[in-house]
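Asks: Structure provided below as structure tokens; questions to follow.
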Ligand SMILES: Nc1ncnc2c1ncn2[C@@H]1O[C@H](COP(=O)(O)OP(=O)(O)OP(=O)(O)O)[C@@H](O)[C@H]1O
Ligand SMILES: [Mg+2]
């Protein structure tokens, strides 16, 4: 279904993603973990064509993604919707309109300028919000919602695109534990009920273990682990994070003490 072959991205002398290989044969819920700077966001951004690869290729259902241009590239970008840590909603716009923006790439500029949305799209947006448990907030401005609710609006906007893949870059990094759980449960449900693939960069190990079928561990741009949560032992996790003996399963990637730094140093996010 999805093949990533020798995918590499360099920024000058710095290799952000180094010859990554991943094969996915059916829709899965995949978590990507690793220390800050390991290359997780760069990998997601290449999947969504927000960043061009330096070399290697991405093939989805027989189509070479990394070679797409113009309208084909935009079509692919709507098939793999992206969710960000900071939600990226229009704060002063109402929730329903924010969700409807998920259909923008299918609408004319004129319709967009006047915020004209077909009735059926409006109904669909409300149904999606209802599914995510936030339909009652539809008329409110996005900025009036809590972080967790805003992230679910962002998920609703992504679903509006009817994507095959949802790419989530640290979707719960700004949320409290309760809201983080609601957002992860929503992503899990979307995967299980709709059969969509979800690929999420996660900064805590326990979240990856709990919600994902498969975990990919990155270190210094390379994929150093690819397996099930069961195979992700504490020893393997310590290796992915390059952490020392004080490594705790509950630690986040920004808290972990690493081998190549003094024990008292904080790893900067
Ligand atoms: N636009 C850019 N220009 C130059 N270097 C970049 C750029 N984007 C990323 N990098 C570098 O590539 C490497 C990987 O960055 P990336 O953002 O993919 O890491 P990450 O695993 O997502 O980290 P974090 O957990 O902090 O989000 C880092 O060394 C980073 O400094
Ligand atoms: Mg990142």
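None of the figures in this text is laboratory data; all of them are computed from the coordinates on show. This one's a predicted model, so the numbers in the text were calculated from it and none came from an experiment. Please note: Cβ atoms are built from the backbone with ideal geometry, for glycine as well, and neighbour counts cover all protein chains shown.
Asks: Which peptide among 155-164, 69-78, 129-138 comes first, and what is the full order, when sorted by highest mean count of other Cβ atoms within 10 Å?
Replies: Numbers: 155-164: 22.7, 69-78: 13.1, 129-138: 18.0.
Ranked by mean Cβ neighbours within 10 Å, highest first: 155-164, 129-138, 69-78.
Asks: Something else about it: Build a GNM of the chain with springs between Cα atoms under 10 Å: which of 30, 122, 165 gets the top mean-square fluctuation?
Replies: Looking only at 30, 122, 165, the largest GNM fluctuation is found for 122.
Asks: What would the Debye equation give as log₁₀ I(q)/I(0) for the chain at q = 0.07, 0.12, 0.14, 0.15 Å⁻¹, counting only Cα atoms as equal point scatterers?
Replies: -0.26, -0.75, -1.00, -1.12
Asks: Relative to the longest principal axis of the C-alpha atoms of the chain, give the angle of the C-alpha long axis of helix 177-194, reported between 0 and 90° and rounded to the nearest 10°.
Replies: Helix 177-194 sits roughly 70 degrees off the main axis of the chain.
Asks: Which of these, 151, 85, 63, has the largest mean-square fluctuation under a Gaussian network model of the chain (Cα springs below 10 Å)?
Replies: 63
Asks: Follow-up. For the chain, what relative contact order do you get, as a whole percent, if you take Cα pairs closer than 8 Å and at least 6 residues apart?
Replies: 25
Asks: Something else: Nearest 500 deg cm²/dmol is fine: what mean residue ellipticity at 222 nm does the chain get from its DSSP H runs of n ≥ 4 alone, each adding -39,500 (n - 2.57), divided by its residue count?
Replies: On the way: 9 runs with 89 residues, N = 269.
Mean residue ellipticity, 222 nm, calculated: -9500 deg cm²/dmol.
Asks: To the nearest 10 degrees, how steeply does helix 70-79 sit against the main Cα axis of the chain, on a 0 to 90 scale?
Replies: 80
Asks: Taking Cα atoms, how many degrees apart are the long axis of helix 147-160 and the longest axis of the chain, rounded to 10 and kept between 0 and 90?
Replies: On a 0 to 90 degree scale, this one is about 70.
Asks: Here is a further query. First check a/c for region 1-114, with a ≥ b ≥ c the square roots of the eigenvalues of its C-alpha gyration tensor; if it is under 1.5, answer rounded, and if not, answer prolate when a/b is larger than b/c or oblate otherwise. List each step's numbers first, then the result.
Replies: Working: a/c = 1.98, a/b = 1.62, b/c = 1.23.
Because a/c hits 1.5 or more and a/b exceeds b/c, region 1-114 counts as prolate.
Asks: Continuing with the same structure: Decide, for region 120-218, between rounded, prolate and oblate: order the square roots of the alpha carbon gyration tensor eigenvalues as a ≥ b ≥ c, take rounded if a/c falls under 1.5, and otherwise choose prolate if a/b is larger than b/c, else oblate. Could you put the intermediate results ahead of the total?
Replies: Working: a/c = 2.29, a/b = 1.42, b/c = 1.62.
Since a/c reaches 1.5 but b/c is at least a/b, the shape of region 120-218 is classed as oblate.
Asks: Would you work out if region 60-195 is rounded, prolate or oblate? Take a ≥ b ≥ c from the square roots of the eigenvalues of the alpha-carbon gyration tensor; rounded if a/c is under 1.5, else prolate when a/b is larger than b/c, oblate otherwise. Don't jump to the answer; show the numbers that get you there.
Replies: Details: a/c = 1.74, a/b = 1.15, b/c = 1.51.
Oblate is the answer for region 60-195, as a/c is 1.5 or above yet b/c matches or exceeds a/b.
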